[in-house]
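Inspection log for the structure reproduced underneath, given as structure tokens.
The values are calculated or read from the model by the stated rules, or taken from the named source; none is laboratory data. Since the model is a prediction, treat every value here as computed from it, not as a measurement. All Cβ positions, glycine included, derive from the backbone under ideal geometry; neighbour counts span all protein chains shown.
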Amino acid sequence: MNVAVIGGGGREHALVRKFSASDRVETVYAIPGNDAMCDVAEVISSISETDFEAIAEICTNNQVEWVVVGPEAPLSEGIADYLEARNIKVFGPRKEEAKIESSKAFTKNIMEKYDIPTAAYQTFTDYDAAYAYIESVGAPIVLKKDGLAAGKGVIVATDMDEALSGLDELMQDADNPIVIEEFLEGEEFSLMVLVNGSYTHAFEIVAQDHKRAFDNDEGPNTGGMGAYAPVVHIPESIRQEAVERIIEPMAKAMVEEGLDYFGVLYLGAIVTDNGVKTIEFNARFGDPEAQVLLSLMEDDLVDVLEDVDRKAPFTLTFSQGFKVGVMLASSGYPGDYTKGNPVDFDAVREKSFVSGLKRDGDEWVTSGGRVLLVTGEGQTMEAAIDSAYAHVEQVEFDEKVLFHRGDIGQHAINKQ
């Protein structure tokens, strides 16, 4: 069969590789893809991820049986609705269901209605009301932009100065609501769940992302500076609690609300003194968690999608050992940064997933904020960390134009 992957980042690079490894897949179409996918897919860079008409034409003309959507933007704009209306099968939620990510207020309201554990919150469209609320509850406190923000629309304010400056930043657009939440203390983790209506299959292992830009979880929030899996210091009982108290009730709640979710549901959760609570939901695979988890998954992804489509029971198999991914990012990210800086990663290309690189003649140059996830593996967490950073050392770049965290996975060592 033929498969299409929508998107052009590292998550999509991982999806393309996974599909290309399937004996059941003849051709993978990456739309728009990136230059690093050319060895495993037919890259159609001339079509954007939101040009639904052109995507539909490509899929129809090439007898594509599955379209898998990576990023949140085309999902929130209705790519699944558009393609399904043309009898093209899509793994990814429709526009209304994708509001689980595109509107934090929408999702919080469902969780409140169905008593799904999450942080206490208030939604604001009025600056003065939000200001007064922050002054009344104090810090630490969490401020979230209601719409999509590529993982950067969250401010965890540890004091009042940060909270009020964050309010100024997030409410520059008066038409965009913000959600203000209580700050939750505890251990965070990411759980990927395959959903078809009330049917759910949660991944058998969890991952941990590193959101902050710099070591020791300092600096601004980003789209993710690294990830690792499995997280063995979070016991199976916690994963199961998340499934029973959050995932299954949320799937049933969406059905009750007249929604029909089909795709990946990303749960960002936190282990508190009062049990597991929801930090966020996303309507797609996490990035960079997907790169790590799909590398560990031994199953054929086509078989998995078809099992979910049929609502059939199955078990995912993950390879033994640990996987660690370290993100190289452009200096200045998540703020302003320059593009066009050369990077040589040929020595570790098979261990890397490209987010923001493109070909320029005979060399690779940067084209985004997050540039390259370099991975390593090992039978112990220590070995996987050492492997990942050894591979980072093999990437050639000017240290003035790229940076990375030096402590990805170290938290797992500290928790042993």
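General observations
- Pairs are defined by a Cβ separation below 6 Å, a sequence spacing of at least 6 or placement on different chains, a first member in segment 399-412 that is not assigned by TED's automatic domain parsing to the domain that holds residue 234, and a second member that is of a type in the set (Ser, Thr, Tyr) and surrounded by fewer than 22 Cβ atoms within 10 Å (Cβ to Cβ); the pairs so defined are 401/331; 403/331.
- Residues satisfying the stated conditions in segment 379-405, i.e. loosely packed, with under 13 Cβ neighbours inside 10 Å and either hydroxyl-bearing (Ser, Thr, Tyr) or farther than 16 Å from residue 351 by Cβ (or both): 379, 380, 398, 399, 400
- In segment 359-374, the residues that are at negative phi and assigned to a loop (DSSP other than H, G, I, E, B) form Cβ pairs under 7 Å with partners that are surrounded by fewer than 20 Cβ atoms within 10 Å (Cβ to Cβ) and of a type in the set (D, E, K, R), at six or more places apart or across chains, as follows: 367/339; 367/358.
- Options 286, 263; residue that is under 19 Å from residue 68 (Cα atoms), in contact with a Pro (Cβ under 6 Å, 6 or more places away or on another chain), buried (at least 18 other Cβ atoms within 10 Å of the Cβ) and in contact (Cβ under 8 Å) with a residue 12 or more places away in the chain: 263
- Residue satisfying condition, being outside any loop (DSSP other than H, G, I, E, B), closer than 26 Å to residue 7 by Cα, in the same structural domain as residue 396 (by TED's automatic domain parsing) and touching a strand residue (DSSP E or B) at 6+ places or on another chain (Cβ under 9 Å), within set 290, 347, 269: 347
- Residue list for segment 380-405, filter: within 21 Å of the chain's Cα centre (by Cα) and either farther than 17 Å from residue 352 by Cβ or part of a loop (DSSP other than H, G, I, E, B) (or both): 404, 405
- Test for residue 311: is it within 25 Å of residue 90 (Cβ to Cβ) and not aliphatic (A, V, I, L, M): yes
- Matching residues in segment 210-264 - criterion: being in contact with a helix residue (DSSP H, G or I) (Cβ under 7 Å, 6 or more places away or on another chain), under 30 Å from residue 326 (Cβ atoms) and part of a loop (DSSP other than H, G, I, E, B): 231, 233
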